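Every number here is computed from the coordinates shown, using simple stated rules; none is lab data. As the structure is a computational prediction, the values presented were derived from the model and not from experiment. FYI the Cβ positions are ideal-geometry reconstructions off the backbone, even for glycines, and counts take in every protein chain you see.
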Amino acid sequence: MPRIGHRRNDPTDVKVFILNPEGNYLTAAPDGLRFTPDRSRALIFDFRADQVAEQLREIQTVHGLVLRAEPVPLAEIYETCDRCKELFMPFMTFFDGKRFLCADCRRLVAGSRETKTGRKISGKPC
Ligand SMILES: [Zn+2]
């Protein structure tokens, strides 16, 4: 049964690609769904929220097409903070023009120097 109002971006859910037997990735094209060897264009599904296992079983039953799900490598989902090298969800990182920073590093960097325009962005007195 589909869950009503399931949460997207559930951090415990697994992000997956869908692959056909030839190892090509499911992607969206203007004329519908297709398979492509180009992983950068692959659709990414939430394994549980999108009921991937159930969908793949149904496709196999109805179309006789055996597809499989492959987890997306963590490094392709998360952004790496360029300062502390930890992984963060993309919405938790900030791009300062040169680097991706997590909230903590952004605060540290902001507190230790002035911005390019010369204005202090930290709460420290001038
Ligand atoms: Zn950091």
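Taking 35 Å as R0, compute the FRET efficiency from the Cβ-Cβ separation of Lys98 and Asp31 and round it to 0.05.
Calculated value: 0.30.
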| What is the list of residues in the range 12-45 whose amide nitrogen lies under 13 Å from a point 7 angstrom out from the Cα of Leu87, following Cα to Cβ? | 12-16
| Residues of the range 17-34 with amide nitrogen under 14 Å from the 7 Å Cα-to-Cβ point of Arg41? | 24-34
| query | Rg and Dmax of the range 15-73, Cα atoms, in Å? | reply | 10.9, 30
